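Below is one structure, written out as C-alpha cells, with a few remarks after it.
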C-alpha cells in the first residue's frame with residue numbers, strides 16, 4: 001500500500017542520470033513513493049524503488065502505451081526522465097500523458113528538446129541569438145572547418161552525449177580514417193586558457209590519455225527551471241571527466257559564466273523549455289565558449305543534492321506544493337568549502353527479484369531499504 005503522499009516516477013533507472021535522481025530523492029525532506037522504469041531487467045534502479053517496471057525502449061512503438069499503463073496503474077503525479085533517448089519521445093507525448101494519466105512529465109517542448117539534442121541546430125540557434133556556442137558544421141564540411149580554424153577538430157554524433165562516439169582529428173589522414181561522415185557533426189577543439197597552449201602547439205598527448213579524450217577544465221552550469229520556466233537556481237562546477245562521466249567536482253559559486261548560461265537557458269524558455277538544463281563550456285582566449293547543452297538532470301545530480309543543492313526536491317516543491325519561488329530558491333545552496341571525488345559502488349539484491357522482473361516485467365517491495 002502506498003503510504004507516501006506523493007508518487008514520483010523516474011525513467012532509465014539503470015543509467016547514471018536515473019540513479020542520480022533516485023539518490024537525490026532519498027535526500028529530500030518530503031516523502032515520496034518512487035516508481036522506476038527501465039528496458040533492462042539487470043538495471044539496478046529497478047530494485048531500489050518501491051515499484052520497478054520493465055518498459056520497451058523509447059524507439060519502440062510499444063513504449064508509449066506501456067509507459068502510460070505504468071503511470072496510470074501507480075498513480076504517478078510527476079515523471080522525471082532519466083535517459084537522453086527518452087527526452088524526445090517524452091516531449092512528443094507529454095500532453096497525452098497528462099490527459100490520459102494525470103502525470104506531469106518534466107520535459108520541455110519538442111522544439112526546445114530538439115534544439116538541445118541536435119548540436120548543429122543548437123549552434124545555429126545560439127549564433128543567431130548572439131551567444132557563444134562552439135562553431136559546428138556538418139561532418140562533410142569538416143575540411144572547411146579545419147582550413148578556417150586549423151587542426152585538431154572533433155567529430156561526433158549529431159545528437160550524442162557523454163562523449164560517446166567522439167573522434168578527434170589532428171590531420172587529414174585522421175579525417176580519412178573516419179570514413180562516412182554523413183551522420184556526424186564537426187566542431188572546433190576548444191583549448192582552455194589555463195593550458196597555456198596555442199592550437200599549433202597541441203599534440204595528441206595534450207588531448208588524449210591513451211585512447212581516451214582528456215576532459216579537463218570543463219565547466220558545468222546547471223540552470224534549474226521549474227515546470228513554468230522560472231529560474232530557481234544555478235550550480236556551477238569545474239569538472240574532470242572520464243569517458244564522459246564526471247569524476248571530480250569542484251563547485252564554483254558565483255562563477256562569472258553563470259549569467260551568460262542563464263541568458264542561454266532563458267532563450268530556450270521562449271521555445272518551451274522547462275525543468276533542469278545543463279550547459280558545459282570552456283574558458284578560452286576569446287572568453288567562455290559553450291559546447292554542450294542537455295535539457296535534463298545529470299549524473300551528478302546527487303552530488304549537488306549532497307552539497308545542499310537538491311534540484312529534484314526544489315522542482316517537486318513547486319509542482320506538488322506550489323511553494324513560492326523565493327522560498328524554494330532559498331533552499332538551494334552552492335558550497336565553497338566542499339568538493340567531490342566519485343567512485344563506483346555496487347548493489348546486491350535477491351536473484352528471485354531478477355527472475356520476477358524477467359517473468360512479469362515488474363518488481364515490488366524493497367524501496368528505500370536497498371542502497372544505490
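The values are calculated or read from the model by the stated rules, or taken from the named source; none is laboratory data. None of these values were measured; they are calculated from a predicted model. Neighbour counts run over all protein chains shown; Cβ positions are idealised from the backbone, glycine included.
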*Qualifying residue in the stretch 84-93 (condition: in the same structural domain as residue 24 (by TED's automatic domain parsing), assigned to a loop (DSSP other than H, G, I, E, B) and surrounded by fewer than 21 Cβ atoms within 10 Å (Cβ to Cβ))*: no
*Just checking, how many residues over the stretch 50-72 are closer than 18 Å to residue 8 by Cα and either in contact (Cβ under 8 Å) with a residue 60 or more places away in the chain or part of a loop (DSSP other than H, G, I, E, B) (or both)?*
8
*Odd one out for residue 279 among (1) touching a residue at least 60 places away in the same chain (Cβ under 8 Å); (2) under 26 Å from residue 157 (Cβ atoms); (3) touching a helix residue (DSSP H, G or I) at 6+ places or on another chain (Cβ under 8 Å)*: (1)
*asked:* Checking the structure you have, find out if any residue of the stretch 204-212 is in a helix (DSSP H, G or I) and loosely packed, with under 13 Cβ neighbours inside 10 Å.
replied: yes
*Limited to the stretch 49-62, what total is found for residues that are over 21 Å from residue 315 (Cβ atoms) and buried (at least 20 other Cβ atoms within 10 Å of the Cβ)?*
5
*Which residues, taken from the stretch 176-197, are modelled with pLDDT under 85 and part of a loop (DSSP other than H, G, I, E, B)?*
179, 180, 181, 182, 183
*All but one of (1) touching a strand residue (DSSP E or B) at 6+ places or on another chain (Cβ under 9 Å); (2) without any contact (Cβ under 8 Å) to a residue 24 or more places away in the chain hold for residue 122; which doesn't?*
(2)
*asked:* If a residue must be under 25 Å from residue 321 (Cα atoms) and at pLDDT below 95, how many such residues does the stretch 34-48 contain?
replied: 0
*Quick one: is residue 18 surrounded by 24 or more Cβ atoms within 10 Å (Cβ to Cβ), touching a helix residue (DSSP H, G or I) at 6+ places or on another chain (Cβ under 9 Å) and assigned to a helix (DSSP H, G or I)?*
yes
